[in-house]
2 protein chains.
Amino acid sequence: MASGGNGLLLSRVASGDGHGENSSYFDGWKAYDMNPFDLHSNSDGVIQMGLAENQLSLDLIEEWSLSHPEASICTPQGASQFRRIANFQDYHGLPEFREAMAKFMGRVRGGKVVFDPDRIVMSGGATGAQDTLAFCLADPGDAYLVPTPYYPAFDRDCCWRPGIKLLPIECHSSNGFTLTREALVSAYEGARRQGTRVKGILITNPSNPLGTVMDRGTLAMLAAFATEHRVHLICDEIYAGSVFAKPEFVSIAEVIERDVPGCNRDLIHIAYSLSKDFGLPGFRVGIIYSYNDAVVACARKMSSFGLVSSQTQYFLAKMLADDEFMARFLAESARRLAARHERFTAGLREVGIACLGGNAGLFSWMDLRSMLRDKTPEAELELWRVIINQVKLNVSPGTSFHCNEPGWFRVCHANMDDETMDVALDRIRCFVRKYQTNNNKRKAAAAERWAASGARPLRLSLPRRGGAAAASHLALSSPLALMSPQSPMVHAS
Amino acid sequence: MASGGNGLLLSRVASGDGHGENSSYFDGWKAYDMNPFDLHSNSDGVIQMGLAENQLSLDLIEEWSLSHPEASICTPQGASQFRRIANFQDYHGLPEFREAMAKFMGRVRGGKVVFDPDRIVMSGGATGAQDTLAFCLADPGDAYLVPTPYYPAFDRDCCWRPGIKLLPIECHSSNGFTLTREALVSAYEGARRQGTRVKGILITNPSNPLGTVMDRGTLAMLAAFATEHRVHLICDEIYAGSVFAKPEFVSIAEVIERDVPGCNRDLIHIAYSLSKDFGLPGFRVGIIYSYNDAVVACARKMSSFGLVSSQTQYFLAKMLADDEFMARFLAESARRLAARHERFTAGLREVGIACLGGNAGLFSWMDLRSMLRDKTPEAELELWRVIINQVKLNVSPGTSFHCNEPGWFRVCHANMDDETMDVALDRIRCFVRKYQTNNNKRKAAAAERWAASGARPLRLSLPRRGGAAAASHLALSSPLALMSPQSPMVHAS
């Protein structure tokens, strides 16, 4: 039976589009899914650079696993725990898991703060953590303020079911997208003028998509603002263990202890996960760490809807408790992330393409502003479709991160091997060089016309009906020029 | 910092009590937690009979696991899959997991229906399945009709965050708590009269807490009613594989194919889980199976908030696909459940205590109506507190299942070994015998007084101020009489 009559049959949540997955931003994923690159079997396919996944150090975890069979309840060494673990359903989680996780969270933050195992609440990944926190902190119609650019799926996590609005705090490239108090105050007051109740400020630190860390002063400013205005500060720190260069990562946990006298800790909440720092998204390990007792209690009850498998808790409890391994893993992972970041950004520099100076995360924030037809979101999306369909790289356009400045792209580079990375770089360089060549030709032609015209301004030499020359101008100045006749974009236009 | 000021700080969901865990019904759990029985180290502790957990056949799964090391990604035999699985984050789930699960769901239902792997949606246990379905099917303020008695945590799953109301369809012991069309219509019309929009009928089949299966005719009546009134029919079948005697289990999946011409399948949804049939609650495997394409699509997107760990998916995919083992496991598990059920109910029959005739589940629905002081919920709770505090068994009172007839108790008996079961039975029998002895004495004394009084009706021989004799009557007729002076109940009264 067709679902055409589902309108009134289902809920507003189900009938609406709040999950965001029907947005055009998923076109890149579809392109990848239809034609995925493989170095050997499909070297002409689309390379997935839209996925913030860490594949660089999983070999270390695999090795650890094999040398620690007692960490699995499915080995002779661990089987004595099978029944206890399979049957374990306390939503507090295995005590050894919470203890190891608290210790590890302290380690990732440089050992400067101590986390309390009793405040560790499990959730189904960071996705589940944000959904749960939103249900705990705000009512439908309330708002979070979020500095731009920000992770697109916050819309799904915070808005879809909990009904929160996300209001942007506008940040700009002029200061490296640093969040300022002025921008925060402006967003806050704008919301209040509209009659919207602001219940929280949601940040990612390290930032996704920027790949930068937030400085201590900004964090202290945020905590002080939260205290002053009695709004929550939700800090997504899921890349805390993926900082690979200076400046060091500073956690809100450290800042509220040292830098914000009088801070109201009831307003401070951290989301964490092992999906990024360990490259274990399949294991669905999300953590809510709140300084508010009532939020801990409520989120723990809600965790019934998305607990971590006890089989996985048990394995991770053993691994996270292995101090020697954890120190080695974090150091080696940072080394590999740094090497990959350098390989990628140096490769782009060869053709004059810059990225925002990042020191964290699994991606770079690539600046293609110079390649836009004009400074509009439409031009960004036009360029993006060329990159997907012609260059065959699934990167993510800045507009999908609510960036207010067209021409930035998030490019993930930790979810592939070096060879694939090199293919991707070759493709980008080839694309940029073609563009530059065409652009230079265009400029030369324009200069020639200019000279030939005797520098008479305003005189345009368009042929009758405007056709060929206008098309030629477009062809030279726009990435569309690089498209083959087979391009779906060409067909569409 | 105290959370006293959290009132406006947190959401209404967090500030309210909708999760139900502050109810007095958790006193039994608290009593158990404070003093848990252990056959060797704490033989005077409270025995947990409030937990519907299946510990009877885990040894078979443990054995299977040890003889199938390839099912674990943490063994040399399975390690080649570690990276793929750890990194796997497609919310459709591992294809092999969905296929094995679909096949297994068919097997559990007697091989009479085929389940489509593409309709298998993962959730964080059955808890997550109901939460997700509620978000998909109804808006806040809408209602589900639910036959009584019903699983208490449906309130948490359907009402807490999705905001659905649960309205009872009253069932009675006179026909073995069978759901009738008259009761359904009455509940439906009652809701409509109140202006409440009924969006669904929620059933558990096999029933928790009754331990009975629903007959084909009732299921067909429900599906026809749903079609006629355009309301959803949500069938929680998490005990489908725990039916241990005739009559056979009939799934709604079978009924809508064979017994309901014109059935609108867009209205039919099944919740399943491996927590009960396999005794794997720690693994957090919930399944939503919907015949409505839009619900499948929406629930799958929501499953991001509570996916099953890929480590666990991988293990279960291998196990569920082992046809020989699955057939053997289900047969042996049913045999053990039947033996345990017989041991328990026969033990009760020795002292004249009956249970509702059940053939499924991990519990019995015990009839202690004859032991109530009077036919009120208060009297049931009074008796319950004696059972918890004096008999030291954490059983669950019928009122917590919204049963409208006081005196029934759900007693779980699959979460312990035979020795513990025997201790529990001894305690119940001893308690009942004391009660019967006291009750007989009371009756004899009353008869004596009656005879001595010359059978003059209406003449009461209460002493002045009503004290001693009234107390003595209470002492003889009420379970309170069995309490020691140390009882918290005595202190409370």
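For the range B:174-282, the calculated P(r) over all alpha carbon pairs, in 10 Å bins from 0 to the bin holding the longest distance, is 14, 44, 32, 9, 0 percent. Candidate cross-link partners of B:LYS112 among the aspartates and glutamates, defined by an alpha-carbon separation under 14 Å and a same-chain spacing of 8 or more, comprise B:GLU248, B:GLU254, B:GLU257, B:ASP259.
How far, in degrees from 0 to 90, does helix A:418-452 lean away from the longest principal axis of the Cα atoms of chain A, to the nearest 10? That works out to roughly 30 degrees. If the Kirkwood radius is taken over C-alpha pairs of chain B, then at 10 °C and 1.306 mPa s the Stokes-Einstein diffusion coefficient equals 65 µm²/s. Our summary of shape: the Cα atoms of the protein assembly as shown have principal axis extents of 136, 67, 60 Å, ordered from largest down, in whole angstrom.
Across the identical copies, the label point of A:GLU228 (7 Å from Cα in the Cβ direction) is separated from its matches by 6.5 nm, in order from shortest.
The orientation-averaged projected area of the convex hull spanned by the Cα atoms of the range A:329-373 comes to 3.3 nm².
Can you give the charge dipole size of the range B:34-191 about its Cα centre, rounded to the nearest 20 debye, using +1 on the beta carbon of Lys and Arg and -1 on the beta carbon of Asp and Glu?
On the way: 12 positive and 20 negative charges, 90 e Å.
So the dipole magnitude of the range B:34-191 works out to roughly 440 debye.
Relative to its Kirkwood radius, the Cα radius of gyration of the range B:229-334 gives an Rg/Rh of 0.99.
Assuming 1.306 mPa s and 10 °C, estimate D for the range A:152-219 with Stokes-Einstein, Rh taken as the Kirkwood radius over Cα pairs, in µm²/s. Don't jump to the answer; show the numbers that get you there.
Values: Rh = 13.3 Å.
In µm²/s, the coefficient is 119.
Here the range A:99-224 yields Rg over Rh of 0.98, to two decimals, using C-alpha coordinates and the Kirkwood radius. Between B:TYR91 and A:THR178, the modelled labels are 3.7 nm apart [label points 7 Å from Cα along Cα→Cβ].
So if R0 is 60 Å, what FRET efficiency would A:ALA451 and B:GLU189 give, r being the distance between their Cβ atoms, rounded to the nearest 0.05? Display every interim value, and only then the final one.
On the way: r = 88 Å, r/R0 = 1.47.
After rounding, the FRET efficiency stands at 0.10.
Pairwise Cα distances in the range A:13-93 exceed 16 Å for 74 percent of all pairs.
Along each principal axis, taking the top coordinate minus the bottom one, the Cα set of the range B:1-142 gives 52, 51, 40 Å in descending order. Two numbers describe the Cα atoms of the range B:61-113: Rg and Dmax, which are 13.8, 39 Å.
Grab the DSSP H runs of chain A that are 4 residues or longer, score each as -39,500 (n - 2.57), total them, divide by all residues and round the 222 nm result to the nearest 500 deg cm²/dmol. Don't skip to the answer; put the middle values down first.
Details: 17 runs with 202 residues, N = 493.
My calculation for chain A gives -12500 deg cm²/dmol from helical runs alone.
Among A:GLU237, A:GLU332, B:GLU62, rank each residue by its count of other Cβ atoms within 10 Å, from fewest to most, as a rough exposure measure.
Values: A:GLU237 26, A:GLU332 14, B:GLU62 18.
Going from least to most buried by this count: A:GLU332, B:GLU62, A:GLU237.
Based on Cα coordinates alone, diagonalise the gyration tensor for the range B:252-398, multiply each eigenvalue by 5, take square roots, and list the semi-axes in whole Å, largest first.
Values: eigenvalues 272, 93, 70 Å².
Listed largest to smallest, the semi-axes of the range B:252-398 are 37, 22, 19 Å.
Shown for A:ASP118: label points 7 Å from Cα along the beta-carbon vector, and their distances to the equivalent points in the other copies, 5.2 nm in ascending order. The calculated pair-distance distribution of the range A:87-169 uses every alpha carbon pair, bins of 10 angstrom beginning at 0, and gives 17, 34, 32, 17, 0 percent.
Sorted from shortest to longest, the distances between the A:PRO95 label points of this copy and the other copies are 4.5 nm, with each point 7 Å from Cα along the line through the beta carbon.
One decimal place: the segment B:ALA346-B:ASP33 gains 109.8 nm when fully extended, by the rule 0.36 nm per residue minus the C-alpha distance.
Max-minus-min Cα coordinates of the range B:320-404 on each principal axis give 53, 28, 23 Å, with the largest extent listed first.
Going by neighbour counts of Cβ atoms within 10 Å, the residues B:PHE97, B:PHE305 line up, fewest first, as B:PHE97, B:PHE305. Computed from the C-beta positions of A:THR437 and B:ASP426, the FRET efficiency with R₀ = 56 Å rounds to 0.05. Neighbour counting of Cβ atoms within 10 Å sorts the residues A:ARG84, A:ARG109, A:ARG410, fewest neighbours leading, into A:ARG84, A:ARG109, A:ARG410. Only one residue of B:GLY128, B:PHE115, B:TYR144 has its Cα farthest out toward the positive end of the dipole of the range B:74-148, where Lys and Arg carry +1 and Asp and Glu -1 on Cβ, and that residue is B:PHE115. Contact order, relative form, for the range A:1-153: 10 percent (alpha carbon pairs under 8 Å, 6 or more residues apart, mean separation divided by residue count). Here the range A:133-162 is scanned for amide nitrogen atoms under 14 Å from the site 7 Å beyond the Cα of A:HIS229 along Cα-to-Cβ, giving A:143-148.
The alpha-carbon of A:LYS441 sits under 24 angstrom from the alpha-carbons of these lysines, leaving out residues fewer than 8 places away in its chain: A:LYS375.
Every number here is computed from the coordinates shown, using simple stated rules; none is lab data. As the structure is a computational prediction, the values presented were derived from the model and not from experiment. Here the Cβ is made from the backbone with ideal geometry for all residues, glycine too, and neighbour counts use every protein chain on show.
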